[in-house]
Amino acid sequence: MSETVRTHLRVRASELVGRNWLNTGGQSLDLESLRGKIVLLDFWTFCCINCLHVLDELRPLEQQYSDVLVTVGVHSPKFEHEADPVALAAAVERYEIRHPVLDDPELDTWKAYTARAWPTLVVIDPEGYIVAHLSGEGHADGLAVLIPELIAEHEAKGTLHRGDGPYVAPEPTSGTLRFPGKALYLPAGRGIGTAPDAGSWLVTDTGHHRLVELSTDFQTVLGTYGAGEKGHADGNAATARFNEPQGLLLLPEDVAAETGYDVVIADSVNHRLRGLSLAVGTVSTLAGNGIQRLLETGPARVDEEGAAFGARLEADPLSVSLSSPWDVVWSGRLNAVLVAMAGVHQIFSFDPVSGAVAIIAGNGLEGLLDGPATEAWFAQPSGLAEDAAGNIWVADSETSALRKLVIGDAGSIAVETAVGKGLFDFGFRDGPAAEARLQHPLGVTVLPDGSVAIADTYNGAVRRYDPASGTVSTLARGLSEPSDVIVDHTHVAGSEPLLVVVEANKHQLVYVPIPKEAQQVDEGAAQTHRPKSPVAPGLLELTVRFTAPTGQKLDDRWGDPTQLKISSTPPGLLLAGGGTSVGLLRTLELAADIPEGVLHITARAAACDGPEDADGEIPDHAACHLYQQDWGIPVLLAADGDTELVLDLRGMD
């Protein structure tokens, strides 16, 4: 960042305060011990898909500048489970985080740095002063400009110290499987390793970046698919590469015969759908260009790239941008694969015969809103299952909700919520669905009686929703982050049915009985302990600050390149100022008779690379970048509350 940009008051960075440190060999760190290094604070929480994206964005920078840059992950939890130090340690291992992590369960450091969203990045120079405050994803290019400038400046001043950072690798804890994600039953004869009269289980061995075929004892390995190293490569079972694969789907036999592959895989970090031919063990890429999709919150029936809602996005499925596909299911009514596109809070469809990819539900805004598919909001959908009527059940993780796609005979789709209230409401409570609470569920399946079993991940439980009675009960608890649940297909006829549960943090699959009488649980409802922002009723001046990185210019060739989208929960909280319009300044009017709620704010800015041409314009060939952040800001209405709200999309100090 040029000196002309960084001429504001020099603000000293606050001390790093928390419960514990990970990845430091048991040592506690403070800013004094990091003096002489460029420090990048990454405020994250392990439930957040956007935070996981940022972890991957930062890896190349951490490697390139390993002798001068120290990234510190400040884990500031949203959910109660994320405040568990054992769960945090498992997440740090699962996501292969190779920098120190501060456990900040009370959000002390979060508050000190005025973070308002996950993820937030703060850059501290070698003298201990804040030089950048960034919200959301997509800041790697800007950091790639800022870091060399800080290096040059502080080498000249003699305040930069080169050398190894404080990272110390932890001891690995997994065995054959490492943080498995999802599982799929393969009937007799369809898996490579299966005997003619026995089925097998195909598991996404997510932490090992491969698929593993297990016998029904869950111990015997019948085969593996993938080299076991992260990457993207098609080919045979030994050479193919995945990157944190998640959901699995076995295609109907007639469709598999026509397409030449049997299994569809949600290859999450590669942002692709992959295909596996069980007959020969080969892996192919079905859809996705590997570039993370960001633009999905356009008008209700048109996405930002101009495609009509429900229409094919690209002629070539390998040219489509996807975003963290997390689960896949076959829809008999739509005759297509449905994809839980966690990264953009939507449900996509994929036709394996034609290759067509389309958006079928969710307008891209993050939250819980029912209604027509074009208007509905999701929040990181992570599990899918089809019921006997052809409707699709969705584990909507960030709203701790069970949702349903109701698919009409003519293909119309409506979204309903069975369990769940909103982005910041969770708990462990059985009973009437309106009062029941889940905590970040990742998996769902339909039981033989038509009820729905839910992998209630952060509660360590399997829950059951009964549509007939409208109640929620608990089938099993004491599990270690169950990430998927599937009805067992191998139990003896006449015996009690079983569930297969993928227990991610114990690196195993387990059988769980389905009892006739489920125990009732009421450990209360809760909200995230993230602080509510006190605001005054009436007029609220909103400012989103954005500064284009050095070498970039706001792309104003087609008008104002910035945009705000604003709504609220409940809707009556926002009397004026909602909707979508250009600019990063907005006057909102808040109702006086609603005590609290959530402001949903999406900010965008488009900037393009220079240099400018002779007329001071951006050349047509310039590479352009989108900066975007979604905020869900809990607010508490009070007469003495703030009348201004300032957010940083990309603020520089």
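Cβ-Cβ distance of A536 and S28, R₀ of 51 Å, FRET efficiency by 1/(1 + (r/R0)^6): the value works out to about 0.80. For region 361-366, putting each phi into the Karplus relation 6.51 cos²θ - 1.76 cosθ + 1.60 with θ = phi - 60° gives couplings of 7, x, 8, x, 6, 9 Hz, in residue order, rounded to whole numbers and with x for Gly and Pro. Residues whose amide H falls under 5 Å from that of G223, counting only those 5 or more places apart or on a different chain, are E213, with hydrogens built in the peptide plane. Label sites at H161 and T173, each approximated as a point 7 angstrom past Cα along Cα to Cβ, lie 3.2 nm apart. Each residue of region 240-246 was assigned a 3J(HN,Hα) from its phi angle through the Karplus curve 6.51 cos²θ - 1.76 cosθ + 1.60 (θ = phi - 60°); the sequence is 4, 10, 10, 9, 6, x, 10 Hz, with glycine and proline shown as x. Each residue of region 343-351 was assigned a 3J(HN,Hα) from its phi angle through the Karplus expression (A = 6.51, B = -1.76, C = 1.60, θ = phi - 60°), giving x, 10, 6, 9, 10, 9, 10, 9, 8 Hz with x at Gly and Pro. Taking amide H positions as modeled 1.01 Å from N, with prolines and chain starts lacking one, the residues under 5 Å from G228 and 5 or more places away or on another chain are F242.
Over 30 Å between Cα atoms: which of K111/K506; K230/K421; K78/K230 fall into that group? Please list the in-between numbers first.
On the way: K111/K506 33 Å; K230/K421 37 Å; K78/K230 28 Å.
Check vs 30 Å cut-off fails for K111/K506; K230/K421.
Taking every Cα-Cα distance in the chain and sorting them into 20 Å bins from zero, the calculated P(r) comes out as 19, 54, 26, 2, 0 percent.
Where both bridge residues fall in region 1-173, DSSP classifies roughly 60% of the beta bridges as antiparallel.
Computed over the chain, the per-residue total of -39500 (n - 2.57) for DSSP H runs of n ≥ 4 gives a 222 nm mean residue ellipticity of -2500 deg cm²/dmol, rounded to 500. Note on region 1-173: the alpha carbon radius of gyration divided by the globular reference 2.2 N^0.38 Å gives 0.97. Using 0.36 nm per residue and subtracting the Cα-Cα separation, the extra length available between A410 and A388 on full extension is 6.2 nm. For E596, the residues whose amide H sits under 5 Å from its own are L637, ignoring neighbours fewer than 5 places away on the same chain, with H placed 1.01 Å from N.
Each value in this text was obtained by applying a stated rule to the coordinates, not by laboratory testing. Keep in mind it's a predicted model, so treat the numbers as computed, not measured. Glycine also receives a Cβ, built like all others from the backbone with ideal geometry; neighbour counts cover every protein chain displayed.
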